[in-house]
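Scroll down for the structure; my scribbles are underneath it.
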Amino acid sequence: MNQPASRRRSPAGLTRLALSRVRKGVAYDDIAQTVYDNGGLDSRYITMTVMSAAIAVLGLMLNSPAVVIGAMLVSPMMGPIVALGFSVALLDLNEMQRAVKAIAVGVGVALLVAVILTAVSPLKEPTSEILARTRPNFFDLLIAVFSGLAGAYGVIRQRGDTVIGVAIATALMPPIATVGFGLGTGDLRIAGGAFYLFLTNLVAIALAATLTAGLFGFRPKLATAGGRWRGAAVVGVLILMSIPLGFSLRNIAQESRVTAETRVAVEEIFSGDESRITQLESRAQDGVVTVSALVSTREIVPTAQSQLETWLEAALHIPVQVSLDQIVVADPEASARALQASQSAPDPATQMRNRLIEAVPFETEAVLYDGTQRTAIIQPQRNSGLDLRGTVALERGLAGRFSDVSIRVIPPLQRLEPVDLGDPASRGLAIWALARWRAEPVISLCTPEPAPPPAEGEEPGPDAGQSFMADLAAAGVRAEVSEAGQCQRGDANLARIALAE
């Protein structure tokens, strides 16, 4: 039996009915005016931006998620972004310019604050909170889109707009502060990656707000056509943005697989040696995977690096570059057994290890103590916030406190800055780090200063580069001088160091 004509509705009719119910009760003029009032540039906006940026960059340098969240709570970025989205939906050029100006000034002020605080801060090493915001991916785009949708909906329905503003700010202020940190430390890789994340989130949130405003019936006053084309254009822009982010997500997934395969391979290569991975990093880019690992073991396996590279290439079917460093320790699993022993009847070695753990004010990857040799090896975690100078200070402080124990603090693997061959402190720091890592570096000597003129009847002494190489050899570091060289224009009396592959 056929339904009455009044009850039959076409898909287009059902869509119009649904939209009419969604748009019911929306006070268009009042909402638009409220959005524009909250999206302007004023003294409150500048003040809260300064405070939010300062809190964000300090939280990032301290590697404190709680402090970063505090920056999100006071960020005023919601107003101008939602105003930009609404102005696009309404084709209001004056309000669009006003919102863009507010966003640009806010970003500039936040960057200036972040750069200044980074420049005066002694904490220059990138933390995990910073590095997490340097590689945007497709999931970041989705987060920004849903934040924009939720933000615009909350404004239109006037429900929880403060909480929604916090949700939007989470996607913006930390990346801006990360850009400032990268600029302040001269690390353009960090600055570029974080800026891409910021730009992605800014555009996605604004366009999502535009889509939401259009869905609720916000239209230009002098035009009623073109709504579908505007919506299609917004979706098209989001799709174009998702393409590079999708590739980034694929690289991250590939890195996860590399990490899992590396753990399996290391366990097989070092089988029977009671070895363990203490640090592992993987990077996938342009079809090439780079793996850097640090293994604590009882005995060095000379062919471990080549074996690991062969294993990974066979498993992944792509080129893999492996850097595998090995540290010989008395017992790689001592930490676990010492913890079990401490729960029953601690022996003197366990007591000493517990004292060392209490004396280290940072998170550690391992604290190993050999009671027979009275030696200790301490490995701070990568996110501990310690740079090389801080690690040296930690080792010296522990050595002074435990004078009867030979203590070695192993810093996290990291890129070494160029060494000033005329600065004993710079030379000593590099030699110390390379010795602790048991690295076999490749050294590029860049225009080393010649030795002082010899006295009459004496042989000429070594130049600054030769003296540096002799100091490395005396510290037990097997280094190779690069023939091709990594020197850059303007380098004078410098040594550039790269770990051998």
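The values are calculated or read from the model by the stated rules, or taken from the named source; none is laboratory data. These numbers come from a predicted model, not from an experiment. Every residue, glycine as well, gets a Cβ built from its backbone with ideal geometry; the counts of neighbours run over all protein chains shown. Each accessible area value is taken on the protein alone, full model and side chains, heavy atoms only, with ligands, DNA and RNA left out. Shrake-Rupley method; radii C 1.70, N 1.55, O 1.52, S 1.80 Å.
Out of the residues in the stretch 362-391 that are outside any strand (DSSP E or B) and in contact with a helix residue (DSSP H, G or I) (Cβ under 6 Å, 6 or more places away or on another chain), state the one that is farthest from SER64 (Cα to Cα). Ranking the qualifying residues of the stretch 362-391, first place goes to GLY371. Across the stretch 175-208, the qualifying residues are those that are among the aliphatic types (A, V, I, L, M) and without any contact (Cβ under 8 Å) to a residue 12 or more places away in the chain, and the one among them that is most open to solvent (accessible area, probe 1.4 Å) is LEU188. The residue pairs whose first member lies in the stretch 354-365 and is within 17 Å of ILE410 (Cβ to Cβ) and open to solvent by 100 Å² or more (accessible area, probe 1.4 Å), whose second member is assigned to a helix (DSSP H, G or I) and not aromatic (Phe, Trp, Tyr), and whose beta carbons are closer than 6 Å, counting only pairs six or more residues apart or on different chains, are GLU363/SER384.
Which residue is surrounded by the most Cβ atoms within 10 Å (Cβ to Cβ), if the candidates are limited to the stretch 60-73 and must be under 17 Å from the mean Cα position of the chain (by Cα) and closer than 12 Å to PRO175 by Cα? My answer is LEU60.
In this structure, is ARG257 at pLDDT 75 or above, farther than 20 Å from LEU368 by Cα and basic (Lys, Arg)? Answer is yes for this residue.
Taking (1) at pLDDT below 80; (2) surrounded by fewer than 19 Cβ atoms within 10 Å (Cβ to Cβ); (3) more than 22 Å from THR34 (Cα to Cα) in turn, VAL120 satisfies each apart from (1).
Elements of the type strands (runs of 3 or more DSSP E) sitting completely within the stretch 271-339 and holding at least 1 residues that are modelled with pLDDT of 80 or more and either over 15 Å from GLN379 (Cβ atoms) or open to solvent by 30 Å² or more (accessible area, probe 1.4 Å) (or both): these cover 288-297, 320-328. Filtering ARG427, ARG415 for residues that are crowded, with 16+ Cβ neighbours inside 10 Å and either out of contact with any strand residue (DSSP E or B) (no Cβ under 9 Å at 6 or more places or on another chain) or basic (Lys, Arg) (or both) leaves a single hit, ARG427.
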